[in-house]
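Read the structure below first, then the notes.
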Amino acid sequence: MSDVIDLGIPSVRAEAPVLAPRRPTRKIRVGGLEVGGDAPVTVQSMTTTKTHDIGATLQQIAELTAAGCDIVRVACPTDKDAAALPVIARQSRIPVIADIHFNPKYVFAAIEAGCGAVRVNPGNIRKFDDRVAEICKAASDHGVSLRIGVNGGSLDPRLLKKYGKATPEALVESATWEAGLFEENDFHDFKISVKHHDVVTMVQAYRLLSQAGRWPLHLGVTEAGPAFQGTIKSCAAFGTLLAEGIGDTIRVSLSAPPVEEVKVGTKLLEFMGLRQRQLEIVSCPSCGRAQVDVWSLAEQVEEGLKGVTAPLRVAVMGCVVNGPGEAREADLGCASGNGKGQIFVRGKVVETVREEQVVETLLRYAQDMAEDMTRELGEEALAGTAPMVSAAG
């Protein structure tokens with residue numbers, strides 16, 4: 001081992017800054033989980049299985065839970081799906097929300113099944129407003145919360161006629177009207193969403209809604225698109241609103257496996273300082289200064305650390321411009337060039353190795369440090385997350 005070089009890393013790393021204080025909202029419960037108020041922002045997703053296929057649905061819920069999902073929604077369009085809800089709600093490790101459209105009888109079935117919450121779409125449930133009093137009483141009796149889910153694609157025809165299309169004002173008018181009906185029945189355990197596929201419309205709608213009341217808000221860009229496009233749209237919208245303190249729970253809606261939604265959502269919250277940081281790999285972008293194949297190095301390190309959940313920041317750098325500085329801020333890092341690489345541990349160069357040994361050496365240190373962190377912080381606190389890669393330079 002070479003002589004240790006101290007780069008002067010601070011003795012204590014500051015906590016991630018928060019861009020804005022959370023907007024004060026009323027706190028509700030979704031099953032055993034708190035949403036709104038000072039509760040952490042939660043990540044939701046939705047199963048793609050047929051709900052009446054109980055085994056497949058529970059398997060997918062388990063996969064989503066392992067990926068970091070806090071709340072899961074399941075579709076309930078048929079009698080067979082409604083009949084499966086009691087088993088699914090009982091066996092799921094995370095709260096289950098039943099997603100109801102068109103037929104109001106499934107709202108009552110989901111409430112009685114013991115779901116953590118029920119999502120209702122006032123725009124397409126037959127004679128919904130006429131059943132609000134019954135729904136509120138049933139939900140109160142069973143301790144079940146509700147979500148008023150207004151969607152640009154299924155807005156009440158009366159509002160479409162009034163506004164011409166699903167404008168921010170139309171979405172908010174629908175949501176606040178329904179909220180008023182709930183509150184007239186002395187029911188307050190609900191959150192609201194006003195989803196739209198257009199980022200600007202969605203952001204404007206949530207801003208208006210956040211000014212209209214203290215209801216907890218579920219953020220979503222509906223029909224966001226395939227993984228690449230949908231991730232960008234969701235992060236643009238959620239990042240804007242969360243940076244203003246708006247939003248209590250989120251779902252990244254992608255045309256992709258639901259686990260991918262959870263990965264994006266959890267990493268977004270980490271970047272926003274709203275969820276405990278997990279494994280992060282900081283690596284160089286493509287650059288003419290690089291003296292090694294940084295892309296390949298970063299991919300090998302990411303693959304080698306797959307499954308590590310400790311809050312370990314690993315820097316993989318390829319030149320002398322940013323390498324020392326990134327290594328200083330990271331828990332562990334390497335800076336490579338001229339056929340060799342230096343390994344940094346908390347700001348100190350602890351070893352210099354041949355270029356072909358950089359990855360295996362870095363992984364060895366990373367695994368040891370991750371195990372130490374896991375023991376210190378506890379396994380349970382680190383469960384259900386995956387690595388993230390961010391660019392530096």
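The values are calculated or read from the model by the stated rules, or taken from the named source; none is laboratory data. Note that the coordinates shown come from a computational prediction; the quantities given were computed from them, not determined experimentally. Methodologically, a virtual Cβ is constructed for each residue, glycine included, from the backbone with ideal geometry; neighbour enumeration extends over all protein chains shown. Side chains are part of the model used for accessible areas, which takes the heavy atoms of the whole protein and leaves out ligands, DNA and RNA. Shrake-Rupley method; radii C 1.70, N 1.55, O 1.52, S 1.80 Å.
Assigning unit charges at the beta carbon (Lys, Arg +1; Asp, Glu -1) and nothing else, what dipole magnitude in debye, to the nearest 20, does the chain show about its Cα centre?
Details: 42 positive and 49 negative charges, 222 e Å.
Value, rounded to 20: 1060 debye.
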Above 26 Å lies some portion of the pair distances; for the chain, what is it as a whole percent of all C-alpha pairs? 57
List the residues whose amide H sits under 5 Å from the amide H of T249, counting only those 5 or more places along or on another chain, with H placed 1.01 Å from N in the peptide plane. T42, L217, L219
Using alpha carbon centroids, what distance separates the range 93-166 and the range 42-79, in Å? 19
Taking the range 179-245 on its own, what percent of its Cα-Cα pair distances exceed 13 Å? 64
Of the candidates L209, I192, G239, the farthest towards the positive dipole end of the range 128-245 (Lys/Arg Cβ +1, Asp/Glu Cβ -1, centred on the Cα centre) is G239
Step through the residues of the range 114-122 one at a time and calculate ³J(HN,Hα) from phi using the Karplus curve (6.51 cos²θ - 1.76 cosθ + 1.60, θ = phi - 60°), rounding each to whole Hz and writing x for Gly and Pro. x, 5, x, 7, 10, 8, 10, 10, x
Checking the table K165/K195; K27/K233; K50/K80 against a 20 Å threshold on Cα-Cα, which pairs fail? K27/K233
Across all directions of projection, what mean area in square nanometres is found for the Cα convex hull of the range 31-93? 4.4
Charge dipole (debye, nearest 20) of the range 97-139; +1 at Cβ of Lys and Arg, -1 at Cβ of Asp and Glu: 60
Within straight-line cross-link reach of K162, lysines at Cα separation under 18 Å, skipping those fewer than 8 residues along the same chain: none
Heavy atoms only, probe 1.4 Å: what % of the accessible area of the chain goes to carbon and sulfur, would you let me know? 53
Taking the Cβ of F182 as the center, what net charge do the other residues with Cβ under 13 Å away carry, scoring Lys and Arg +1 and Asp and Glu -1? -2
Provide the per residue accessible area, probe 1.4 Å, for the range 126-226, rounded to a whole number of square angstrom. 45
In terms of Cα to Cα distance under 16 Å, which aspartates and glutamates are near enough to K348, apart from those fewer than 8 places away along the same chain? D3, D6, E326, E329, D331
Restricting to DSSP loop positions (anything but H, G, I, E, B) with no more than 15 other Cβ atoms inside 10 Å of their own Cβ, which GluC sites (Glu not before Pro) remain in the range 76-180? none
Note, ³J(HN,Hα) from phi for the range 147-155, Karplus 6.51, -1.76, 1.60, rounded to Hz, x at Gly and Pro: 10, 7, x, 8, 10, x, x, 9, 6
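When N counts the residues of the range 82-179, how does its alpha-carbon radius of gyration compare numerically with 2.2 N^0.38 Å, as a ratio?
On the way: Rg = 14.3 Å, N = 98, 2.2 N^0.38 = 12.6 Å.
So the Cα radius of gyration is 1.14 times the expected 2.2 N^0.38 Å.
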Ignoring solvent entirely, what values of log10 I(q)/I(0) come out of the Debye formula for the range 118-249 at 0.14, 0.16, 0.17, 0.18 Å⁻¹ when each Cα is a single scatterer? -0.61, -0.78, -0.87, -0.96
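Quick check on the chain: helices-only [θ] at 222 nm, where DSSP H runs of length 4 and up contribute -39,500 (n - 2.57) each and the sum goes over total residues. Nearest 500, please. Each step should come with its number before you reach the end.
Numbers: 12 runs with 158 residues, N = 393.
Helices in the chain give a 222 nm mean residue ellipticity of -13000 deg cm²/dmol.
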